[in-house]
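First comes the structure, then the notes that go with it.
The values are calculated or read from the model by the stated rules, or taken from the named source; none is laboratory data. In this text, all values refer to a predicted model and were calculated from it rather than measured experimentally. Using ideal geometry, Cβ is built from the backbone for each residue, glycine included, and neighbour counts are taken over all protein chains shown.
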Amino acid sequence: MCEQSHSKAKTFEKKFTLAEFFNAHWSAYSASPKAFITPEQYKAVNALRICRTSKLGKDRYRCKDCGYTAEIYHSCKNRFCPKCSWTDTLKWADRVYDKLVNVPHRHVVMTLPHALNPLIKLNKKFFFDTLMSLASNTMKDYILNQYGVEAGVISVLHTYGEKKNLHVHVHMIVSWGGIDKKTKQLKSIPVKKHVGYLDLKETFRKGFIKALIEHYFSKNLKHHFTGENEFNHFISTLEEKHWIIHLEAPMNMPEQVIRYIGRYSKRACLSEYKITNIEGEYISFRYKDYKEKDANGKPIEKELTLHYRDFFPLLLQHVPLPNSRLVRYYGLYSTKTKIAQAFREKTKSNDSGQKVIAFTDTKVCIECNGQMEYLDTQASKGSVKWFVYAKKELKKHAEKIAA
């Protein structure tokens, strides 16, 4: 492992892909893995390796004006894939933005102590579910008790730190206001109102430790404690740990919130834009070191180089659990709550801070700016895409016969 510090100008050019690194070394690694590879991890790696390649098939389009033909390869749509997750994130952000009520919102982060990491690896579902529900309810209940307002919370689970180590935390978009319980009208919380940071921190810490104790005594917690005394000692050390809660100032509507949503949501844990080099059996990527700051108080950007036998297990521990939801909605933003249109009306921003221009959205010819039309889908016989396309063609044929 090699680390370097540098102050180069930021670049957004993508020179390397995870697929090429996995294609080069996955067979060797999977034959003798450093850590157990779960079925979900195998599935994720196989998906990103064939994403946007001929193995998944392609759609063909032709320009009506000049006859230019374009081929668009299909994506894998796996949540672990960096190619798919970014575009999906931006589309999701626009949908979420339309649902937000017209009040300021806060970015809140709650983090689990690293002392819990050995238990987290054995009990991922319990820790992830408990963290997301407890953190959201902590904020929601605090706002209700202090200001008499039903707030909305959108929670996003992250399991990784800058160096892709296990660092479990939840990012939340919390409405700094909501529906007044008495008047049933939309109400904003004054920005200058005091926030009980220590109270929130204590509620979060006590609530999580209580849930952990209950899970242990229900015999559902997987662990390596030799007995109750050792577990109780561990709980005592947890109570002395520094439980981190971060609250940013309320963000104005609409630009700041939509930019935040674009940054912290369903993206893969490693952006391919951060990969700085792939050379032989080693891969390098950029990360921010929050322990070292520059003259402006910003974290220094460094570079980490890893061998594939260290990199693969480091990255694969962040593959989402099967059927798990990394983004969840609480309070005013829960799927069961209907929000009046008047409370959601706000100025639509023309600049979300993130821009994606997809060919399938524009259908514009790159040669003459003419209109592109769909021709057909080509996929390997027996693949899912092939069955879907064949079914559509059979339906068209049946409709012609019926006509």
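Quick notes on this structure:
- Counted residues, the range 305-341 - those being on the phi > 0 side of the Ramachandran plot and either surrounded by 19 or more Cβ atoms within 10 Å (Cβ to Cβ) or touching a residue at least 60 places away in the same chain (Cβ under 8 Å) (or both): 1
- Consider the range 56-108 and keep the residues that are among the small types (Gly, Ala, Ser) and over 30 Å from GLN185 (Cα atoms). The one that is nearest to the chain's Cα centre (by Cα) is SER85.
- Any hit, the range 319-334, residues being in a loop (DSSP other than H, G, I, E, B), at pLDDT below 85, under 21 Å from VAL257 (Cα atoms) and more than 18 Å from the chain's Cα centre (by Cα): no
- Considering only residues in the range 56-85 that are of a type in the set (Phe, Trp, Tyr) and surrounded by fewer than 19 Cβ atoms within 10 Å (Cβ to Cβ), the one that is farthest from PRO39 (Cα to Cα) turns out to be TYR68.
- Taken over the range 32-52, the residue count meeting the criterion of being in a loop (DSSP other than H, G, I, E, B), touching a residue at least 12 places away in the same chain (Cβ under 8 Å) and either over 24 Å from the mean Cα position of the chain (by Cα) or under 12 Å from CYS81 (Cβ atoms) (or both) is 4.
- The residue that is farthest from GLY196 (Cα to Cα), counting only those in the range 97-119 that are aliphatic (A, V, I, L, M) and crowded, with 18+ Cβ neighbours inside 10 Å, is LEU119.
- Any hit, the range 22-30, residues being among the polar types (S, T, N, Q), touching a helix residue (DSSP H, G or I) at 6+ places or on another chain (Cβ under 7 Å), on the phi < 0 side of the Ramachandran plot and at pLDDT 95 or above: yes
- Among all positions in the range 133-140, there is no residue which is in contact with a Pro (Cβ under 7 Å, 6 or more places away or on another chain), buried (at least 21 other Cβ atoms within 10 Å of the Cβ) and farther than 20 Å from SER324 by Cβ.
- Of all residues in the range 71-107, those being of a type in the set (A, V, I, L, M, F, W, C), outside any loop (DSSP other than H, G, I, E, B) and touching a helix residue (DSSP H, G or I) at 6+ places or on another chain (Cβ under 7 Å) number 4.
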